[in-house]
Every structure is written in C-alpha cells, then in structure tokens.
Amino acid sequence: MVRISAPGKLMLFGDHAVVYGRPCIVTAVNHRMSVNMERRTDNKIIINAPQMKIGTYITSTEELDKENPKEVKFVLTAIKNFFKKYNVRSGLDIETKSKFSSKFGFGSSSAVTVSTIKGLSELFNVEMSKNEVFDLSYKTVLDIQSVGSGFDVAAAIYGGTIYFVGGGKKIKQMNLKKLPLVVGYTGVKGDTPTLVKGLAKKREKYKELIDAKFDISDKIVSQSREHFETSNLEVLGELMNFNHGLLNSFGVSSLELESLIQKAKKSGAYGAKLSGAGGGDCMIALVPEEKRKGVEKAINQLGAVINVSPNAEGVRIEK
C-alpha cells in the first residue's frame, strides 16, 4: 500500500489573468488531501471517499471510459490517463481523505488528482519528474473541466510559494520569509468553470479593454514578487487592493466577498482580495500581527475564519 498527500492552495496575485498565459503567485496551504491505494488481483477499482458523501464506489478497469459521478471523476480520470500513458493496468483499492472541505475553493480536485498520479507512479514503480506529474495531472483536470491554467496543480506538486505562468510555462519557487494571512470563508461555494467561461465571453466583447487590465495584473504580480523577497508587507497589502480592484471590475466578486474584504481593511489589514475564481469561496487579508485578532473577529461577524498556514510542503509520500 502507498499513501500520498498533496496540499491545497491560495491564489495570492494574478487570479483569472493566469488563464490567459499571464503570471500569478500562488501558495500551498497546510490543508492536505491524501490518497491510500493498493493493487488488487482482479480488475475492480473500489474507491472509498467518505468526505465526498459517496461512500464506496465500485467500477472496473474496463469501465474507465464511462461517465462516472463527479465525486470520483478526478481520481478515475487520473487512473485512466496514467494507465494509457504507461501501458499498465490493475484493479485498485483506493481511499481518499481530506483535511479541508471542497467547498472552500482550496483546490481539492487538483490535490486529489496529483495525489492519485503520484500514488500510481509509486505503486507501479514508474519514475516521474515533477514536470511529468504536472503534465499528466494538468491534462486530467482539463479533460474534466476543459478550462484552467494549472496553477493549483503546480501548487499541489511543488508546494511552497511559486511564481507560475499559465499552463506551466514557468514554475519558480519563491523565497518567502513570512506571510501573515487571515483567510475568510464567505459561506458561498464559487463555480470556477462558470466564472472562467463568463469572463471569456466578456473578453470576446471587450478584448482590448480586458487585455489592458491583464497587462496591469502582470505589473502587479511583478512588483509583488519583488516585495516578497524583502517582506514589505505594507506594499504587498496595497498591491492586493489593486489586484482586487481589477477582479471586481471583471465581475467575479460578490456581495459576500466585498463585505468581508471591507471589514478586514477597516479592522487594520494592510490589504485584502478575493482568492481564486471568485463568486464566493474565500478571501485573504494581509495583516499586521497586532491587528490579527481584530481582523479575525470582524470576518467572523459575516463569515468564518479558516485556520490556514501558507508555504506548505508539496506532494509527498506519507509513512
């Protein structure tokens, strides 16, 4: 049996622009998804995913091309792609466990995909570089969602805080000294594919305008990258505010997000923004330590503070 785990993520800068090949900065968080798996002597694939409320799901190696429930789709598509690429096949017993809820928007789908691919490589003694794990995991996500940049896949694999360019053109670890974040959950689940496709339609109509805003996003990412190295938190907070202003102008924010963001800033945060696709899910606030309790109290009045630590380790084999 092998046990693999991978972290979730939070987008710090460059949300949505990354879908169009632009850069972003993303950090892995200490909420992890784990996958336990072992080979069977028959062709059955049995998945136990209690946190997905599906209980036990049984299929076979011959049925990987059929339509499967969304709760197990990422695991089974990852298996199908791995079997096809490396010409292996076996029945499997799989159990998935999560330390975070899929409703938060922390990238649970990418984390379970990466954990599955890495677990299969260990189970079948296939050597895979991090880039190869990224390519196959990213393909799996695109096979299902049809849209996405891969930043959440990269965060799950590489861990830490990374500078990422859409599609994995560049993946570079950053020297992060400290990042005192407060993360607030709106209580509303965002729909990433719908939000990404919605912005794509707007871009068809206002391409020049939106691309100009993507250019500004590039500059924000570039400047924030410089200030990460020196831990200039006040400037990073201001850049978060600029980035959120762009995202709000795209129409991907929400009343719940705006309320939490304004509360955080009024309570002393250096800056705050939505994190990810928007529409709900989570916001992040960069805060002075002496203001943390006040910011957390303000967020808890409207939503819920999620205890999250950034810069977590990437995918790993668990003992």
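Selection of the stretch 113-132 for residues being surrounded by fewer than 23 Cβ atoms within 10 Å (Cβ to Cβ) and assigned to a helix (DSSP H, G or I) yields 121, 122, 123, 130, 131, 132. Scanning the stretch 30-42 finds one or more residues that are assigned by TED's automatic domain parsing to the domain that holds residue 114, among the polar types (S, T, N, Q) and closer than 26 Å to residue 228 by Cβ. From the list 58, 79, the lone residue that is crowded, with 24+ Cβ neighbours inside 10 Å and either free of Cβ contacts under 8 Å to residues at least 60 places away in the same chain or part of a strand (DSSP E or B) (or both) is 79. From the list 196, 153, 182, the one residue that fits, being closer than 19 Å to residue 306 by Cβ and either modelled with pLDDT of 95 or more or of a type outside the set (Phe, Trp, Tyr) (or both), is 182. Look at (1) at pLDDT 95 or above; (2) out of contact with any Gly (no Cβ under 9 Å at 6 or more places or on another chain); (3) closer than 23 Å to residue 150 by Cβ and you find that residue 206 fails only one, number (3). The number of residues in the stretch 97-111 being at pLDDT 75 or above, surrounded by fewer than 24 Cβ atoms within 10 Å (Cβ to Cβ) and outside any strand (DSSP E or B) comes to 2. Please work out if residue 149 is hydroxyl-bearing (Ser, Thr, Tyr), on the phi < 0 side of the Ramachandran plot, surrounded by fewer than 20 Cβ atoms within 10 Å (Cβ to Cβ) and assigned by TED's automatic domain parsing to the domain that holds residue 12. So residue 149 fails the test.
The values are calculated or read from the model by the stated rules, or taken from the named source; none is laboratory data. Treat the numbers as computed from the prediction; the structure is a model and nothing was measured. Here the Cβ is made from the backbone with ideal geometry for all residues, glycine too, and neighbour counts use every protein chain on show.
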